[in-house]
Amino acid sequence: MSTNSTNFRLPQWLRVSSLLASLAVMAAPAFAQHEIDSDAERSPIVISGNENAFGYSQMAQMAIMQKLQGANRYPRQEAVDLQNAIAAREDVPANYVLQSPGSGPILVMTALAFAEPGKNVVTVEPGYTQLTNAFQEHGGEVKKVPLNDDLQYDLDAIKDAMDENTAVVYICNPNNPTGTIVDPVKLTQFIMSAPKDVLIFVDEAYLELAPGGLEKNSMVKLVKQRKNLIIARTFSKVFGMAGLRIGYGISQPETLEKLKAYYMGGPSILSTVAATAALQDQDFFDFSVESYHNVRSMVKDRLDELGLEYAEPNGSFIFIHTGVPIDELQARMAEEQIQIGRPFPPMLDWARVSIGTEEEMQVFLETFEKVMKEYGKIAA
């Protein structure tokens, strides 16, 4: 499983200018890139929330600057421009797109639209729970299917769990927290054979970071054929815009109308223009994907050397079997100024670790090795 990682630096075009620094009052610095001296006091390394440590598009930052004076207005033409840009990216009609402040509202609106007493949603455990929690809170039942031995979705088991009361099947691809991906051929077959009265929700928040990206793995190509399919995407991951809160759902208009009954509003005007600009910035997109692949490979190589088990990562994080209760490990790593991911039942001795910069992950790996030796999980 060894892959040689290459050293790289943030390109000059990606560094924040002094002018952009003046926007610190509006948002956190766009780039938290800094030299890490293990012998000196340092800021905490935050690798718990799957945020993009490589920053975000300078074109998006410039779009925000240019629109600051117009931030007293709601997005009008700006929202139309983004709608058209997303539609072009996804190769769907513009009315197949529903913008939202992050992809989370798409998940919650879906739950509200389809949950009712006696109905169920089928998903996996461990998995991402925003949609399923909302579904349960609004009267529905959640049916959880275990992952297979490779920590991947077992589509046959999901099919077996479905019944006449199943309203939604939720598939997070790549799965959060495991990072494993569903074979696109098998997923296509599953979607095309699913009952037409069951909504298939595919959450592709991290899919740009998987080998082959959207072109190989996305199910968006099926949306025109299947009214019972919703795809969710976000600008929080590969685009690095988590703090700007912007995402979208893709489905046929009739299906989106059901969600719109619970619509609470779209992204801000600044988020909207930033997202439109980010879609035009292929250089940053490529840099982000390459950075994740390189650092992910570096982390995998070191874990292989240490003999530690992990799920094959395809997103912006890696799921590691530590053998230590996650609450205990979180606290111990926090003592070392490193924040790692939350518990994901029932796999409570696994740790989800977000991919940070190369420097951050080197510090993490050194510290993690020390802590694992303390617990006797690797040879001292």
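Points to keep in mind about this one:
- Residue ID - nearest to Ala232 (Cα to Cα), chosen from residues in region 131-142 that are surrounded by 19 or more Cβ atoms within 10 Å (Cβ to Cβ) and of a type outside the set (A, V, I, L, M, F, W, C): Thr132
- Test result for Gly240, under 19 Å from the mean Cα position of the chain (by Cα), in a strand (DSSP E or B) and under 25 Å from Val220 (Cβ atoms): no
- Options Ile230, Ile200; residue that is touching a Phe, Trp or Tyr at 6+ places or on another chain (Cβ under 6 Å), in the same structural domain as Asn165 (by TED's automatic domain parsing) and β-branched (Val, Ile, Thr): Ile230
- Yes/no for Ala210 being among the small types (Gly, Ala, Ser), touching a residue at least 40 places away in the same chain (Cβ under 8 Å) and out of contact with any Phe, Trp or Tyr (no Cβ under 7 Å at 6 or more places or on another chain): yes
- Region 332-357, residues that are outside any loop (DSSP other than H, G, I, E, B) and surrounded by 20 or more Cβ atoms within 10 Å (Cβ to Cβ): Met333, Ile338, Trp350, Ala351, Arg352, Val353, Ser354
- Identity of the residue in region 184-207, in a strand (DSSP E or B) and free of Cβ contacts under 8 Å to residues at least 60 places away in the same chain, that ends up nearest to Gln83 (Cα to Cα): Val202
- Only residues that are under 20 Å from the mean Cα position of the chain (by Cα) and among the aliphatic types (A, V, I, L, M) were counted in region 336-347, giving 2.
- Residues of region 58-108 satisfying the condition of being among the small types (Gly, Ala, Ser) and surrounded by fewer than 21 Cβ atoms within 10 Å (Cβ to Cβ): Gly70, Ala71, Ala79, Ala85, Ala87, Ala88, Ala94, Gly104
- Qualifying position, being under 30 Å from Phe368 (Cβ atoms) and not aromatic (Phe, Trp, Tyr), among Lys224, Lys237, Lys260: Lys237
- Scanning region 304-326 for residues that are surrounded by 20 or more Cβ atoms within 10 Å (Cβ to Cβ) and outside any loop (DSSP other than H, G, I, E, B) yields Tyr310, Phe317, Ile318, Phe319, Ile320, Ile326.
- Test result for Glu164, surrounded by fewer than 17 Cβ atoms within 10 Å (Cβ to Cβ), free of Cβ contacts under 8 Å to residues at least 24 places away in the same chain, more than 17 Å from the chain's Cα centre (by Cα) and part of a loop (DSSP other than H, G, I, E, B): yes
- Only one entry of Leu279, Leu329 meets the criterion of being at pLDDT 95 or above, more than 24 Å from Pro44 (Cα to Cα) and surrounded by 15 or more Cβ atoms within 10 Å (Cβ to Cβ), and that entry is Leu279.
- Filter result for the condition that a residue is out of contact with any Pro (no Cβ under 6 Å at 6 or more places or on another chain) and closer than 29 Å to Gly341 by Cβ, over Ala63, Ala85, Ala111, Ala71: Ala111
- Evaluating Asn72 against the criteria (1) in contact (Cβ under 8 Å) with a residue 24 or more places away in the chain; (2) assigned to a loop (DSSP other than H, G, I, E, B); (3) of a type in the set (S, T, N, Q) leaves one unmet condition, (1).
- Residue check: Met333 meets all listed conditions (1) more than 21 Å from the chain's Cα centre (by Cα); (2) under 19 Å from Gly212 (Cα atoms) but one, namely (2).
- Cross-chain or 6+ apart pairs with Cβ under 6 Å, region 348-376 first and over 15 Å from Ala331 (Cβ atoms), then among the basic types (Lys, Arg): Ile355/Arg296; Leu365/Arg302
The values are calculated or read from the model by the stated rules, or taken from the named source; none is laboratory data. Given the structure is predicted, the values throughout are model-derived calculations rather than measurements. Counting neighbours? That spans all protein chains shown, and the Cβs are built from the backbone with ideal geometry, glycine included.
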